[in-house]
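Working notes, beginning with the structure itself.
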Amino acid sequence: MNQERKKELLGKFADRSLSPAEQEEFWEMMQLEQQDDLDLEFGFSELEVDPQEQQDSIAAVKNRLTGQIGKKKRSYKFLYKGIAAIAAVLLLITGFKVYQDYKYVKNTNTFITVRVPVGKMQRVFLSDSSVVTVSSGSVFKYPKAFAKNSRVVYLSSGKAFFEVAKDRSRPFSVRSGELSTTALGTSFTVQYNAAYGWEKVNLYTGKVVISRRVNGGQAKPVYLTPGKAYEYIAGQGNVFGFDPSHQQPLTERNALHFAHTPFSEAIYQISSYYNIHIHFNPVQTRHYTVNGDFAGQSAEETLQSLVFIHQLKFTRSDSLNYSIMKK
């Protein structure tokens, strides 16, 4: 920039007549000039003013410019610091987001398996606030974190009561054997005994849909309303009603409580509860029912009570295998 232009800009600055464009030009000039000592006299050497006024004006302008340039320098300094801070925050957020995504993927692929000891009961609190009560002898598996569009858990064996937190965007599904029971927000029990190929779903509140795999495809879904149950065994399914007030969900007190329960179903439940296998003839016992509370007993004590009622007998081949037959 030539000296004439500098004088013009400095004169306009002195009488505050700089246009916005000239202000930008002026400050660019000052940024260059501030690298050396401020030599402002050049701008006033040809101005027609009293020498004392000239010196006073130069001093005033120097002070003003020094202040303005200081503000500019500080603003640039703060600007650079601000940009650096924003960049650091963005890197931190990006890194945290990447870590969150990594942790989410890891957790959705990490499963926790719950194996409940015989005679015990365990409550499991899932990441979506759903609560699962898992019965004695049961095996339940669930992910540390659910996927974004679904919630899937697995009942490998036994019985569990599900109190599902409502989330319409993520259906809750329990997979057991050949069945998959899906709900949005409801309470129900699922029972599965792989040894007998028996599964049963009891619905207490809400609504569920039960799907079943067949020949590589899906069978017609079954919808349950409260007070309805679905039993599946040997490739056959059946829907029937029950009284929720008399068949309470799973608790430690009623885990082995039976009220007009078919004999075969009682055997399936007892087998799962004690983690044993009971051989019996379902045809010979198809008309038998079981009533009573067998909580707090050993497996053999429970079987002894069961066979006494129906004039049957049982034998034991080892600690895990029993047989029930007619006398």
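Numbers for the structure displayed
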{"item": "Strands (runs of 3 or more DSSP E) completely within the stretch 212-327 that count 2 or more residues being assigned by TED's automatic domain parsing to the domain that holds V116 and surrounded by fewer than 13 Cβ atoms within 10 Å (Cβ to Cβ)", "result": "236-241"}
{"item": "Close pairs (7 angstrom Cβ cut-off, 6 or more residues apart or separate chains): within 25 Å of P117 (Cα to Cα) in the stretch 283-300, of a type in the set (D, E, K, R) anywhere", "result": "A295/R253"}
{"item": "Subset of the stretch 301-311 that is over 14 Å from Y274 (Cα atoms) and in contact (Cβ under 8 Å) with a residue 24 or more places away in the chain - its residue that is farthest from the chain's Cα centre (by Cα)", "result": "H310"}
{"item": "Only listed residue being touching an Asp or Glu at 6+ places or on another chain (Cβ under 6 Å) and either among the acidic types (D, E) or modelled with pLDDT of 90 or more (or both), chosen from Y273, Y232", "result": "Y232"}
{"item": "K159 in contact (Cβ under 8 Å) with a residue 40 or more places away in the chain and in contact with a Leu (Cβ under 8 Å, 6 or more places away or on another chain)", "result": "yes"}
{"item": "Condition met for S245 (closer than 20 Å to A160 by Cα and without any contact (Cβ under 8 Å) to a residue 12 or more places away in the chain)", "result": "yes"}
{"item": "Test: residue in the stretch 222-230 that is under 18 Å from N193 (Cα atoms) and out of contact with any Phe, Trp or Tyr (no Cβ under 7 Å at 6 or more places or on another chain)", "result": "yes"}
{"item": "Residue within the stretch 194-211 that is in contact (Cβ under 8 Å) with a residue 60 or more places away in the chain and not in a loop (DSSP other than H, G, I, E, B) present", "result": "yes"}
{"item": "Residues located in the stretch 133-191, provided they are under 25 Å from Q247 (Cβ atoms) and among the acidic types (D, E)", "result": "E163, E178"}
{"item": "Enumeration of residues in the stretch 182-191 that are in contact with a Lys or Arg (Cβ under 8 Å, 6 or more places away or on another chain) and under 27 Å from R253 (Cα atoms)", "result": "A183, G185, T186, T189, V190, Q191"}
{"item": "Filter result for A194 (small (G, A, S), in contact with a Leu (Cβ under 9 Å, 6 or more places away or on another chain) and not assigned by TED's automatic domain parsing to the domain that holds N281)", "result": "no"}
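The values are calculated or read from the model by the stated rules, or taken from the named source; none is laboratory data. Since we're looking at a predicted model, the values are computed, not measured. Counting neighbours? That spans all protein chains shown, and the Cβs are built from the backbone with ideal geometry, glycine included.
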